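Let me begin by presenting the structure, written as C-alpha cells, before commenting on it.
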Amino acid sequence: MNKLVRMDTLIHSLRDITIRRISVSEMDNNVYLLTAKDSGAQLLIDAADDLPAIQELLADADADSPGTPRLELIATTHQHWDHVRALPGLVEATGARTAAGAADAPGLPVKVDVLLDHGDVGNFDGFAVTAVHLRGHTPGSVAFVYQDPAGPAHIFSGDSLFPGGVGNTQKDPERLNQLITDVAERLFDVYPDNTVVHPGHGKPTTLGTERPHLEEWRARGW
C-alpha cells in the first residue's frame, strides 16, 4: 500500500525561526513547533494528541536548521484534556522539560518543570517567547508570544482567542468579562494589527481582523 503523503507542516519561515503546525484529534487541535534556524533549539506548544504525528512533526523540522534539532521545552496553553493527551508520551520519548501556567499546572498529567506567570520570558538559543496570562477560559491559561525581529509578532493563543471570539467561559459573566478584559489589555492594547494569532483549534487570524469586534463579544455574552 502506498504511504499517504503528508501535507507540508511549515506555515512560516521567519528570519530566525520556522513555525510548523499539525492538526490532531477529532477536536482539530493545533500543535505548533518553533525551531531556531541557527541552533536547532525547539519549543513545542500543546502536545494535544497523536504522539506518532507529533514525532513526525519533529522529524519534519530536521530540515529547518543545520544544527541538530533538540526539543528543549513542551509548553501547554491550558489544562484541558484535549490539549495534553500526548504530553506524557512526548515527555517520556524526548526527555524535554515542561511548562504551563502556574494555576493550571496541577491539572496536567505530568510534572510541570516551569511554572509560568504573566510576562515570564523563555529564552532559547536563537529566540525568545513571552508568556501572557489570560484568565477566564481556565484560571491558568497562557498565550505565548514570539516577536519576530523582522516582521509581525505571532501569538499562540490556546483556547483564549479565536477568529470571531474568545474562548468558552461556560456562560459565566464574570469569567467572560475577565477573559475579554485580559485579551483586550494584554494582547490588543500591546500588539499591532498585523500580529498573527495562532489559536488552539482551527485557522489563524490577526489582531486587526478581530479588534473591531471586542465590544460585540462582550455584549453578546460569549
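Just so it is clear, none of the values below were taken in a lab; they were calculated from the coordinates. Keep in mind it's a predicted model, so treat the numbers as computed, not measured. Here the Cβ is made from the backbone with ideal geometry for all residues, glycine too, and neighbour counts use every protein chain on show.
Data table
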quantity	calculated
Members of the range 120-137 that are within 15 Å of the chain's Cα centre (by Cα) and under 15 Å from His80 (Cβ atoms)	Leu134, His137
Matching option when the condition is of a type in the set (A, V, I, L, M, F, W, C), over 21 Å from Val145 (Cα atoms) and in contact with a strand residue (DSSP E or B) (Cβ under 6 Å, 6 or more places away or on another chain), among Ala86, Ala41, Ala53, Ala48	Ala53
Residues within the range 82-127 that are over 29 Å from Gly165 (Cβ atoms) and not polar (S, T, N, Q), tallied	17
Check on Asp117, more than 15 Å from the chain's Cα centre (by Cα) and within 20 Å of Val183 (Cβ to Cβ)	yes
